[in-house]
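Below is one structure; the comments refer to it alone.
The values are calculated or read from the model by the stated rules, or taken from the named source; none is laboratory data. This one's a predicted model, so the numbers in the text were calculated from it and none came from an experiment. Heads up, the Cβs are rebuilt from the backbone with ideal geometry, glycines too, and the neighbour counts pull from every protein chain shown. Side chains are part of the model used for accessible areas, which takes the heavy atoms of the whole protein and leaves out ligands, DNA and RNA. Shrake-Rupley method; radii C 1.70, N 1.55, O 1.52, S 1.80 Å.
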There are 2 protein chains.
Amino acid sequence: MVSKKIAELSLQQVNHNSPVPLYHQIEVDLQRLMTAGELLPQDVLPPEIELSRAYGVGRHTMRMALSRLTSAGWIARQAGRGTFVRERPPRPAFYLDDSFTRQMANMGMVAHSRVLDSAVSVIDARSPAALQEHPGAPCFYLARLRYGDAMPIVLQYAHIITERCPHLEQFDFGQRSLYEVLSTEYALVVQRLTHTVSAVAADRVHMEHLRVRRGTPLLLVKTSVFLDSGDIIEHTTSYYRADRYEYSVTRTGA
Amino acid sequence: MVSKKIAELSLQQVNHNSPVPLYHQIEVDLQRLMTAGELLPQDVLPPEIELSRAYGVGRHTMRMALSRLTSAGWIARQAGRGTFVRERPPRPAFYLDDSFTRQMANMGMVAHSRVLDSAVSVIDARSPAALQEHPGAPCFYLARLRYGDAMPIVLQYAHIITERCPHLEQFDFGQRSLYEVLSTEYALVVQRLTHTVSAVAADRVHMEHLRVRRGTPLLLVKTSVFLDSGDIIEHTTSYYRADRYEYSVTRTGA
DNA sequence: AATATCCGATTGTACGGACATTATTCTTAC
DNA sequence: GTAAGAATAATGTCCGTACAATCGGATATT
């Protein structure tokens with residue numbers, strides 16, 4: 001278990017005159033090496049004393065940077081052994097891209113979807129409960145069956161309120177994520193989203209589309225998306241095949 | 001905005017010969033003052049230099065304690081102003097134990113639980129897959145049926161690796177959360193936790209304890225808790241009655 | 001009276017050194 | 001050969017100092 005040599009790493013020199021604290025400049029630089037693949041999971045960093053010399057800072061400053069990277073989950077340290085690069089560099093807790101496409105890609109599957117129904121309408125009493133605060137608001141409705149490779153995975157019913165993003169339906173959401181379109185085309189910022197996960201037994205509609213037996217347990221995920229104005233912009237109800245999909249979430253420490 | 005005087009606080013002296021780091025002894029002492037009400041939200045702590053003198057430690061050690069209390073959410077510091085006691089002492093985003101109790105309370109129900117089985121053992125091949133990286137590690141096993149009012153809600157199987165927290169079983173987790181005990185008694189910091197949610201059909205064991213019919217869809221939640229050292233410390237498998245419980249999570253954007 | 005300036009209090013950043021603790025590796029004794 | 005012990009290497013704890021940055025209030029100026 002030999003540590004990386006200083007010479008093997010393209011450390012970027014710190015700027016002692018910058019108003020940015022030295023420890024933070026070092027944090028950013030090491031994060032760069034880890035995201036760029038110059039430092040890989042399981043790799044052992046050079047000892048802090050060597051790093052401090054290489055960066056031209058005191059040991060205390062170097063330890064400050066390493067300690068903060070430890071709290072943030074980038075690295076783990078063990079007395080007497082060394083400093084190790086952690087398995088998965090922390091990702092933001094907030095995925096703004098289409099998580100279904102991403103998860104399928106992670107599992108080595110190709111995601112695609114079939115539109116079952118779509119309509120431009122308004123919010124009325126038959127719309128999901130989460131949207132009832134905006135009766136009469138124009139909305140875009142989309143029912144899709146989404147596949148991983150050739151297997152149906154999820155049946156999704158999406159309602160998007162188009163009051164602040166007219167003609168949203170013109171975009172191709174096979175290519176772009178909703179969040180990306182809202183941000184670049186309408187300058188709308190997603191501030192918060194909530195997921196509520198439950199389990200239900202498959203009924204006749206699910207049986208047909210997801211090709212499961214009646215009563216098979218399905219994951220029911222309700223997603224609400226809110227803008228920084230506080231208004232809800234999207235609500236989606238999704239029925240996942242529980243045998244082919246897991247909902248997972250990571251929380252990183254206070 | 002005048003700060004508390006040292007004389008007004010019943011600081012407990014630290015033990016310089018203890019193997020417990022001084023900064024951690026101070027952390028625990030200040031937490032005691034805050035939970036006991038001797039220091040209230042909005043209160044301003046004495047300046048770090050006075051505190052360090054009062055505790056008989058160097059400024060660096062004092063800052064270390066205050067810095068850790070800051071990360072944990074107990075206090076907030078502002079250059080030029082002072083150190084303030086935060087509004088709500090850190091809440092369980094994290095605490096397993098506590099989160100069930102809290103959720104039941106939110107729904108106006110009284111939570112209690114029945115221990116079905118508990119044992120001190122070691123990780124072996126029959127242990128959950130998530131723990132297989134630590135074969136032979138000592139662990140504490142706890143199977144519980146948890147109720148909201150008189151209704152069974154969830155069947156939980158918890159494995160806690162006690163390698164770095166021996167005799168963890170002596171604490172009463174009806175009163176204290178796992179996170180709080182790890183933090184104050186063992187100076188261990190929870191860095192990350194992951195939840196994986198799936199759905200399964202009730203089998204015979206579930207039928208009996210949760211009092212549901214065979215095949216009823218249940219929410220299967222697997223929780224893994226990791227320390228800042230990168231090591232997993234706990235894994236819990238929970239079977240929730242989906243008709244009485246929803247898993248929900250909110251993500252707030254950058 | 002309003003504005004600008006200074007000053008003291010407090011936290012933040014950064015340097016230095018000393019010794020302790022932990023894990024690994026190497027040596028030695030049997 | 002194996003096991004105990006010694007040396008080594010790494011992180012952890014703790015102390016000291018110096019100066020910078022920030023904030024609030026007091027003072028001085030207009």
Long-range neighbours under 7 Å by Cβ, at least six apart or interchain, first residue near DNA strand C (Cβ under 9 Å from one of its atoms) within the stretch A:53-74, second in a loop (DSSP other than H, G, I, E, B) | A:Tyr55/A:Leu11; A:Tyr55/A:Val14; A:Gly56/A:Val14; A:Val57/A:Val14
How many residues are part of a loop (DSSP other than H, G, I, E, B) and closer than 14 Å to B:Leu51 by Cβ when one looks only at the stretch B:1-33?
-> 9
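Counting only residues that are open to solvent by 10 Å² or more (accessible area, probe 1.4 Å) and either of a type in the set (A, V, I, L, M) or in a strand (DSSP E or B) (or both), how many does the stretch A:50-75 have?
Number satisfying all stated conditions: 4.
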Which condition number does A:Leu40 fail, the rest of (1) among the hydrophobic types (A, V, I, L, M, F, W, C); (2) within 23 Å of the chain's Cα centre (by Cα); (3) within 16 Å of DNA strand C (Cβ to nearest atom) being met?
-> (3)
Evaluate the following for B:Glu27: is it within 11 Å of DNA strand D (Cβ to nearest atom), under 17 Å from B:Lys5 (Cβ atoms) and either within 14 Å of chain A (Cβ to nearest Cβ) or open to solvent by less than 40 Å² (accessible area, probe 1.4 Å) (or both)?
-> no
Could you tell me whether any residue of the stretch A:159-172 is touching an Asp or Glu at 6+ places or on another chain (Cβ under 7 Å), farther than 23 Å from B:Arg213 by Cα and of a type in the set (S, T, N, Q)?
-> no
Filtering the stretch A:39-49 for residues that are open to solvent by 60 Å² or more (accessible area, probe 1.4 Å) and either at pLDDT below 95 or more than 14 Å from A:Ala65 (Cα to Cα) (or both) leaves a count of 2
Listed by first then second residue, the pairs whose first member lies in the stretch B:25-40 and is under 17 Å from B:Val181 (Cβ atoms), whose partner is more than 16 Å from DNA strand C (Cβ to nearest atom) and open to solvent by less than 40 Å² (accessible area, probe 1.4 Å), with beta carbons under 7 Å and at least 6 positions apart or on separate chains, are B:Val28/B:Thr184; B:Gln31/B:Thr184
Apart from one, (1) more than 16 Å from DNA strand D (Cβ to nearest atom); (2) assigned to a strand (DSSP E or B); (3) open to solvent by less than 50 Å² (accessible area, probe 1.4 Å) all hold for A:His134; the odd one out is (2)
Do we have any residue at all in the stretch B:61-73 that's more than 14 Å from chain A (Cβ to nearest Cβ), within 16 Å of DNA strand D (Cβ to nearest atom) and not aliphatic (A, V, I, L, M)?
-> no
State all residues of the stretch A:56-73 that are in contact with an Asp or Glu (Cβ under 8 Å, 6 or more places away or on another chain) and of a type in the set (Ser, Thr, Tyr); if no residue qualifies, say none.
-> A:Thr70, A:Ser71
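With the structure loaded, tell me whether A:Val154 is open to solvent by less than 20 Å² (accessible area, probe 1.4 Å) and in contact with a Lys or Arg (Cβ under 7 Å, 6 or more places away or on another chain) or whether it fails that test.
So A:Val154 passes the test.
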For B:Ala158, indicate whether it is in contact (Cβ under 8 Å) with a residue 24 or more places away in the chain and under 27 Å from A:Ala79 (Cβ atoms).
-> no
Number of positions in the stretch A:80-130 that are under 30 Å from A:Met62 (Cβ atoms), of a type outside the set (Val, Ile, Thr) and either at pLDDT below 90 or surrounded by 15 or more Cβ atoms within 10 Å (Cβ to Cβ) (or both) = 10
Of the residues in the stretch A:10-24, those that are more than 14 Å from every other protein chain (Cβ to nearest Cβ) and either within 14 Å of DNA strand D (Cβ to nearest atom) or modelled with pLDDT of 95 or more (or both) number 7
